[in-house]
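**Q** This is the structure I want to talk about, given as C-alpha cells.
Please treat every number below as a calculation from the coordinates, not as lab data. Note that this is a predicted model, so its numbers are computed, not measured. Neighbour counts are summed over all protein chains in view; Cβ atoms, including those assigned to glycine, are modelled from backbone coordinates with ideal geometry.
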Amino acid sequence: NAGVTQTPKFRVLKTGQSMTLLCAQDMNHEYMYWYRQDPGMGLRLIHYSVGEGTTAKGEVPDGYNVSRLKKQNFLLGLESAAPSQTSVYFCASRLGPTTSGANVLTFGAGSRLTVL
Amino acid sequence: AQSVTQPDIHITVSEGASLELRCNYSYGATPYLFWYVQSPGQGLQLLLKYFSGDTLVQGIKGFEAEFKRSQSSFNLRKPSVHWSDAAEYFCAVGAGDKIIFGKGTRLHILP
C-alpha cells in the first residue's frame with residue numbers, strides 16, 4: 001500500500017537544465033495534482049489531470065509541463081529551470097468527481113528542488 | 001474562480017487555551033472544504049473535511065470546524081491545545097476539479 005510516491009525526493013539543478021518529477025499512485029485514482037509549496041505562499045496548484053490523457057492548468061502553470069500517459073503516473077517537467085522554481089513540490093491524487101466523503105487528497109512525501 | 005483566505009499568518013496561544021483558526025472561501029456553489037496540518041519538515045495530514053450535511057464536522061486530534069454558508073467561512077476550532085499542535089494549518093476549498101489551498105496559519109504554543 002504505497003499510496004502516492006514521488007521521485008526523486010531531492011534534486012539540485014543549474015539554471016537552464018531540465019528535469020522531470022515522477023508521481024505514481026497505486027489507488028486507481030482518476031484525479032492527480034501537482035502543487036508547489038513556498039514559505040508564506042501555501043500550496044499553489046501548478047497543473048492537474050482528471051484522467052488518463054488529460055491535463056489542465058492550475059494557478060501557476062508557467063515554466064512547467066505535465067503528462068498523464070498512464071492513469072497511475074503524472075509527470076511534471078521543467079524544460080529550462082530557473083531559480084524561481086526552487087521549491088518543494090507535492091503530488092496528490094483523489095478518487096475523482098464523486099461527492100463521497102472518501103474523495104480526499106492523498107499526498108506524496110514531497111520533492112525538494114533547488115535551482116542554482 | 002475559487003479562492004481561500006486565511007487572514008492570520010501566525011497565531012500564538014498558551015497550552016491548554018482554546019483555538020480558532022479562520023478560513024474564508026470564495027466560490028459560487030457549495031464547495032468541498034478541508035483542513036490540513038503540516039508539522040515542520042513533514043507532509044500534509046488531513047484533519048477534517050466537509051462535503052455536505054451537518055455543518056459542524058469533527059476531525060482527528062480533537063479538532064472541529066463549522067461551515068457557515070452565509071459567511072463563506074470554515075473556521076477550525078479546538079477547545080484545549082497541546083504543545084504537539086504547533087504546526088502550520090492549511091484550509092482548502094474543492095470546487096469542481098480543482099482543490100485550492102490558502103496560504104496557511106502557523107500556530108505557536110506557549111508553555
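**Q** Quick one: divide the alpha-carbon radius of gyration of chain B by 2.2 N^0.38 Å and tell me what you get.
**A** In units of the globular-protein estimate, chain B measures up at 1.01.
**Q** Hey, another quick one. Dipole magnitude of chain B about its Cα centre, charges +1 at Lys/Arg Cβ and -1 at Asp/Glu Cβ only, in debye to the nearest 20?
**A** Once rounded to the nearest 20, the dipole reads 180 debye.
**Q** Okay, next question. Among A:Y35, A:Y48, which comes first, second and so on when ranked by fewest other beta-carbon atoms within 10 Å?
**A** Arranged by neighbour count, lowest to highest, A:Y35, A:Y48 become A:Y48, A:Y35.
**Q** For chain B, what does the relative contact order come out to in percent, with C-alpha contacts under 8 Å and a separation of six or more?
**A** After rounding, I find 38 percent.
**Q** Sorting A:M27, A:M19 on the 10 Å Cβ count, fewest up front, what's the list?
**A** With the fewest neighbours first, A:M27, A:M19 line up as A:M27, A:M19.
**Q** In which sequence would B:L56, A:L78 go, from the one with the fewest C-beta neighbours within 10 Å to the one with the most?
**A** B:L56, A:L78
**Q** Using 21 Å as the Cα-Cα cut-off, could you pick out the over-long pairs in B:K78/B:K98; A:K9/B:K103; A:K57/B:K68; A:K71/B:K98; A:K9/A:K57; A:K9/B:K98?
**A** Over 21 Å Cα-Cα: B:K78/B:K98; A:K9/B:K103; A:K57/B:K68; A:K9/A:K57; A:K9/B:K98.
**Q** Additional query: Which of A:P8, A:N103, A:Y31 sits farthest toward the positive end of the charge dipole of the range A:1-110, with +1 on the Cβ of Lys and Arg and -1 on the Cβ of Asp and Glu?
**A** Result: A:P8, furthest along the dipole toward the positive end.
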